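Participant: Handing you a structure now.
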2 protein chains.
Amino acid sequence: MIEDREPIRVALLGCGTVGTEVVRLLRDRPEEFAARVGAPVRVTGVAVRRPHKHPELPEELLTTDSASLVDGDVDLVVELIGGIEPARSLLLRALRAGKSVVTANKALLAEYGSELYAAADASGADIYFEASVAGAIPLLRPLRESLAGDRINRVMGIVNGTTNYILSAMDSTGASYSETLEEAGQLGYAEADPTADVDGFDAAAKAAILASLAFHTRVTATDVHREGISGTSAGDITAAQALDRRVKLLAICDRVTDEEGNESVSARVHPAMIPRDHPLAGVGGAFNAVFVEAESAGQLMFYGQGAGGAPTASAVLGDMVAVARNLVVSGKGPRESAHAQLPVRSMGQTPTRYHISLDVADKPGVLSQVASMFNEHDVSISVVRQQGRGAEASLVVVTHTALDAALKSTVEEIARLDAVREVVSVMRVEGELS
Amino acid sequence: MIEDREPIRVALLGCGTVGTEVVRLLRDRPEEFAARVGAPVRVTGVAVRRPHKHPELPEELLTTDSASLVDGDVDLVVELIGGIEPARSLLLRALRAGKSVVTANKALLAEYGSELYAAADASGADIYFEASVAGAIPLLRPLRESLAGDRINRVMGIVNGTTNYILSAMDSTGASYSETLEEAGQLGYAEADPTADVDGFDAAAKAAILASLAFHTRVTATDVHREGISGTSAGDITAAQALDRRVKLLAICDRVTDEEGNESVSARVHPAMIPRDHPLAGVGGAFNAVFVEAESAGQLMFYGQGAGGAPTASAVLGDMVAVARNLVVSGKGPRESAHAQLPVRSMGQTPTRYHISLDVADKPGVLSQVASMFNEHDVSISVVRQQGRGAEASLVVVTHTALDAALKSTVEEIARLDAVREVVSVMRVEGELS
């Protein structure tokens, strides 16, 4: 009988929304988990800061002493504290003692992933972290395992729900960023301190994790170019609408091959205009969606809920089952795969496309002045749209692909032209053929 | 050095489009595969029917003797022959000898999956089959592993490219089924004998595999209710369009809970009308897309290329890397998970919804006659639309959810009513709230 086998003993670090759901499901369906794992799975301790806040848990499970819990008789440590410390020290302690780890901690993975992997490898323990990116969407396992025989060229997706909510709302109401942020806070879609979301830190950590797995290369959060949405104006949204596009905060990881055939990678997070009929354009609210382009597999898309207690618990529990199964059959999950060690490009050296919307004086020669600026920087123009209105005119330019640094300095010089009254909107363009 | 380790020796059974691509990629990038696996991966033999048809392969690799190849010094057998025999015997032979298996053979898995699992389990070998459903889309690994801690309630998707091509073409041209099939054959979208695709055998095998994994229950192809698209008329397509819907051939696997809380499962393949703004409605041509609804994860979607040499090779190679890694670290992939053993419902006992389009005499009382038929069978009506045109009128009814048998017999009785001149279209409705 499976029920009679030695149980897999689980220590939970942190017990907020996700942890509560994990414990509830494990305790509601012990037979189901035992059958899937091949042994009972038992929560033997839960470390929390304030035990009296958890009346739903048996008192004897609760402790405030995380370190002793990790050091005790446990096989698997599930970390749901978040942030760097004390999570990092606790997980290293667990891994060094040969205890496997499941974590949803994107910040920790993005910064100290290699250190954790190394500790796991040295002791033979497992580390799984599906919940750290895109909540319930099975994304990391497909990247780490299903596509292990393929060559991934691009990962692009919406991986932050708060910014996606704000941008969608701005698109439908026409309101400003600050108004919309305030409203999002009142409705519970943005946290009291929304910095991690709106300044792109959350998405950048996820981009680092995705790029590392996709390209078999160590990419940390500091390698990721990061622009949030606080600079996105109602004017940007209107400019996008005029071109039948939508503004989305995207995490983009690219494999870039130069003319000599040398490969490098780039990882970035920034708002971008995508065509309104692009599948990512329709992704609303709390949903996440990620495109993966691989050499043999072609284009794949993964879609689902990116956050929330139950969806994240689903990902955590899936990892727990995998680790527990490995313990039962003496298996071993995937290790760090950083054999490619490709160099990481700076944003300036990354190929992108720009949309630029200008208010210009309505007189002959303006377009040619602007066009010659692009020419000087070797940037080729894809579309120009000129519209007069009284003494002023608007000029919209969409470029072909060029290095971001060249595009940026072109825009800076154009802004200094006498005939240019205002640079209304500058935004990168994604999701269509160049 | 990884290159100096004992290689993982691979035998390939069958070498068509997919096999050729698998061999090419393995030989083009030996270092990449070695790095991902932790040992070199070497093809040591390829069994084919006509060796002279494979000038691209070194002669010493080729053999016509599959059985000896399987019996020889190999660690991993990759089966790309398709069909039941000799594939089944060869794979059982391999598994019984402790050799792991990667296969893309949906028909075999759907019929003899349990037998193969048992053989694998007895000898400690692995069996992986990601390529058997939805080509390159990582779908089985997420179901088997990522969602192992969740409870899947539904899997619904487009898993056959040929029928999807035909139905899309009928939708855009208004042509009949037989005309469109002929054209699809000429364009290479349908095989010379299209039975497996158009009669739903291919999709039913995939539905059996999906239902087995999703519900931890043995479901074979014969358990799957199967209706193909050969009965789908231009009238059905027009009727769907009139309701702003599209006709798609869907594979649907449901967990059904009755009033007493008893669970069972149902698996079926049939054409159905889905709303035009449903994500599956936009899936065209050779693409596949599958929705998964899980209790905690909520709604997930997986999208990508469902067939073709390179996409299928991607899935096969991903499995090969997983098996080879397991061999290197003495790991073990997931086993059969059939612990739930839920009963499989017949189609008659499966809850569905119907759309019925009738040509009726344009006189008072027809609607009430039709409505009373539904009433007698305890079927509740969601929408009725009545349109007069001269002496005739059309009546469109969309029901609420009811057992399929009740719906079916209601339609039979309605067809016998004097006032009903013709049953123009009967089709199930999916993808919206009941």
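The values are calculated or read from the model by the stated rules, or taken from the named source; none is laboratory data. This one's a predicted model, so the numbers in the text were calculated from it and none came from an experiment. Cβ coordinates were reconstructed from backbone atoms using ideal geometry, including for glycine residues, and neighbour counts include every protein chain displayed.
Participant: For the stretch B:331-434, give me every one of the strands (runs of 3 or more DSSP E) that falls completely inside it and has 2 or more residues that are of a type outside the set (S, T, N, Q) and crowded, with 20+ Cβ neighbours inside 10 Å. Lay out the reasoning, then the answer.
Facilitator: Working: elements: B:354-361, B:381-389, B:392-399, B:420-429.
Because the criterion is at least 2 residues that are of a type outside the set (S, T, N, Q) and crowded, with 20+ Cβ neighbours inside 10 Å, the strands (runs of 3 or more DSSP E) in the stretch B:331-434 that meet it are B:354-361, B:392-399, B:420-429.
Participant: A follow-up question, please. Of the conditions (1) surrounded by fewer than 20 Cβ atoms within 10 Å (Cβ to Cβ); (2) assigned to a helix (DSSP H, G or I); (3) at pLDDT 95 or above, residue B:185 clears all except one; give me its number.
Facilitator: So the condition that residue B:185 fails would be (3).
Participant: From B:304, B:309, B:298, which residue is more than 7 Å from chain A (Cβ to nearest Cβ) and either of a type outside the set (Asp, Glu) or farther than 18 Å from residue A:301 by Cα (or both)?
Facilitator: Values: B:304 fails: more than 7 Å from chain A (Cβ to nearest Cβ); B:298 fails: more than 7 Å from chain A (Cβ to nearest Cβ).
Going through B:304, B:309, B:298 in turn, the sole match is B:309.
Participant: Taking the stated definitions as given, is residue A:317 within 12 Å of chain B (Cβ to nearest Cβ), farther than 29 Å from residue B:33 by Cα and not polar (S, T, N, Q)? So that I can check it myself, show each step before the final result.
Facilitator: Numbers: within 12 Å of chain B (Cβ to nearest Cβ): yes; farther than 29 Å from residue B:33 by Cα: yes; not polar (S, T, N, Q): yes.
Considered against the rule, which asks whether it is within 12 Å of chain B (Cβ to nearest Cβ), farther than 29 Å from residue B:33 by Cα and not polar (S, T, N, Q), residue A:317 comes out as yes.
Participant: Taking only the stretch A:95-115 into account, find how many residues are within 24 Å of residue A:307 (Cα to Cα), in contact with a Leu (Cβ under 9 Å, 6 or more places away or on another chain) and assigned to a helix (DSSP H, G or I).
Facilitator: Here the count works out to 3.
Participant: A follow-up question, please. I'm checking my understanding of the structure. Among residues of the stretch B:188-217 that are buried (at least 20 other Cβ atoms within 10 Å of the Cβ) and of a type in the set (Val, Ile, Thr), which one is nearest to residue B:135 (Cα to Cα)?
Facilitator: B:209
Participant: With (1) within 13 Å of another protein chain (Cβ to nearest Cβ); (2) among the charged types (D, E, K, R); (3) under 14 Å from the mean Cα position of the chain (by Cα) as the list, and residue B:263 as the residue in question, which single condition is left unmet?
Facilitator: With respect to (1) within 13 Å of another protein chain (Cβ to nearest Cβ); (2) among the charged types (D, E, K, R); (3) under 14 Å from the mean Cα position of the chain (by Cα), residue B:263 is out only on (3).
Participant: Scanning for something at pLDDT below 95, within 30 Å of residue B:235 (Cα to Cα) and not in a helix (DSSP H, G or I), does the stretch B:126-140 turn up at least one residue?
Facilitator: yes
Participant: Taking the conditions exactly as written (closer than 27 Å to residue B:257 by Cβ and of a type in the set (A, V, I, L, M)), does residue B:338 satisfy them or not?
Facilitator: Values: closer than 27 Å to residue B:257 by Cβ: yes; of a type in the set (A, V, I, L, M): yes.
Here the answer is yes, as residue B:338 does meet what is asked.
Participant: Tell me, please, whether a residue that is hydroxyl-bearing (Ser, Thr, Tyr) and over 21 Å from the mean Cα position of the chain (by Cα) can be found in the stretch B:105-121.
Facilitator: Scanning the stretch B:105-121 turns up no residue that is hydroxyl-bearing (Ser, Thr, Tyr) and over 21 Å from the mean Cα position of the chain (by Cα).
Participant: In the stretch A:336-362, which residue that is within 14 Å of chain B (Cβ to nearest Cβ) and within 22 Å of the chain's Cα centre (by Cα) is nearest to residue A:254 (Cα to Cα)?
Facilitator: The residue in question is A:342.
Participant: Can you report the number of residues in the stretch A:295-312 which are part of a helix (DSSP H, G or I) and more than 15 Å from residue A:132 (Cα to Cα)?
Facilitator: Here is the first cut: in the stretch A:295-312, the ones part of a helix (DSSP H, G or I) are A:309-312.
Those still in the list that are more than 15 Å from residue A:132 (Cα to Cα) too: none.
Residues that pass the stated criteria total 0.
Participant: Let me ask another. Taking the condition modelled with pLDDT under 95, more than 30 Å from residue A:341 (Cα to Cα) and among the small types (Gly, Ala, Ser), does residue A:190 pass? Can you show your working first?
Facilitator: Values: modelled with pLDDT under 95: yes; more than 30 Å from residue A:341 (Cα to Cα): yes; among the small types (Gly, Ala, Ser): yes.
It is true that residue A:190 is modelled with pLDDT under 95, more than 30 Å from residue A:341 (Cα to Cα) and among the small types (Gly, Ala, Ser).
Participant: If you don't mind, another one. Take the residues in the stretch B:273-290 that are in a strand (DSSP E or B) and more than 9 Å from chain A (Cβ to nearest Cβ), then tell me which one is farthest from residue A:294 (Cα to Cα).
Facilitator: B:273
Participant: Select, from B:380, B:357, the only residue that is modelled with pLDDT of 90 or more and within 17 Å of residue B:238 (Cβ to Cβ).
Facilitator: None of the other options fit; the residue is B:357.
Participant: Return yes when residue B:382 is touching a strand residue (DSSP E or B) at 6+ places or on another chain (Cβ under 6 Å), hydroxyl-bearing (Ser, Thr, Tyr), outside the structural domain of residue B:209 (by TED's automatic domain parsing) and over 30 Å from residue B:126 (Cα atoms) and no when it is not. So that I can check it myself, show each step before the final result.
Facilitator: Details: touching a strand residue (DSSP E or B) at 6+ places or on another chain (Cβ under 6 Å): yes; hydroxyl-bearing (Ser, Thr, Tyr): yes; outside the structural domain of residue B:209 (by TED's automatic domain parsing): yes; over 30 Å from residue B:126 (Cα atoms): yes.
Yes, satisfied.
Participant: Let me ask something additional. Quick check on my filter: what residues within the stretch A:104-115 are of a type in the set (A, V, I, L, M, F, W, C) and surrounded by 24 or more Cβ atoms within 10 Å (Cβ to Cβ)?
Facilitator: Taking the stretch A:104-115 and keeping what is of a type in the set (A, V, I, L, M, F, W, C), we get A:104, A:107-110.
Result: A:104, A:108, A:109, A:110.
Participant: So which residues in the stretch B:163-176 are crowded, with 24+ Cβ neighbours inside 10 Å and either under 15 Å from the mean Cα position of the chain (by Cα) or without any contact (Cβ under 8 Å) to a residue 60 or more places away in the chain (or both), if there are any at all?
Facilitator: Within the stretch B:163-176, B:163, B:164 meet the criteria.
Participant: For the stretch A:1-74, please list each of the helices (runs of 4 or more DSSP H) lying entirely inside it that holds at least 1 residues being of a type in the set (S, T, N, Q), under 32 Å from the mean Cα position of the chain (by Cα) and surrounded by 15 or more Cβ atoms within 10 Å (Cβ to Cβ).
Facilitator: Working: elements: A:17-28, A:30-37, A:66-71.
Hits in the stretch A:1-74: A:17-28, A:66-71.
Participant: Please tell me if residue B:292 is buried (at least 23 other Cβ atoms within 10 Å of the Cβ), farther than 27 Å from residue B:26 by Cβ and not charged (D, E, K, R).
Facilitator: Values: buried (at least 23 other Cβ atoms within 10 Å of the Cβ): yes; farther than 27 Å from residue B:26 by Cβ: yes; not charged (D, E, K, R): yes.
The answer is yes for residue B:292.
Participant: Now for a different question. Considering only residues that are touching a residue at least 60 places away in the same chain (Cβ under 8 Å) and in contact with a helix residue (DSSP H, G or I) (Cβ under 6 Å, 6 or more places away or on another chain), look in the stretch A:150-162 and name the one that is surrounded by the fewest Cβ atoms within 10 Å (Cβ to Cβ). Before you say what the answer is, go through the steps one by one.
Facilitator: Taking the stretch A:150-162 first, the residues touching a residue at least 60 places away in the same chain (Cβ under 8 Å) are A:150-161.
If we keep only those that are in contact with a helix residue (DSSP H, G or I) (Cβ under 6 Å, 6 or more places away or on another chain) too, we end up with A:150, A:152, A:155, A:158-160.
Working: A:150: 25, A:152: 21, A:155: 28, A:158: 26, A:159: 31, A:160: 29.
Filtering the stretch A:150-162 for residues that are touching a residue at least 60 places away in the same chain (Cβ under 8 Å) and in contact with a helix residue (DSSP H, G or I) (Cβ under 6 Å, 6 or more places away or on another chain), the one surrounded by the fewest Cβ atoms within 10 Å (Cβ to Cβ) comes out as A:152.
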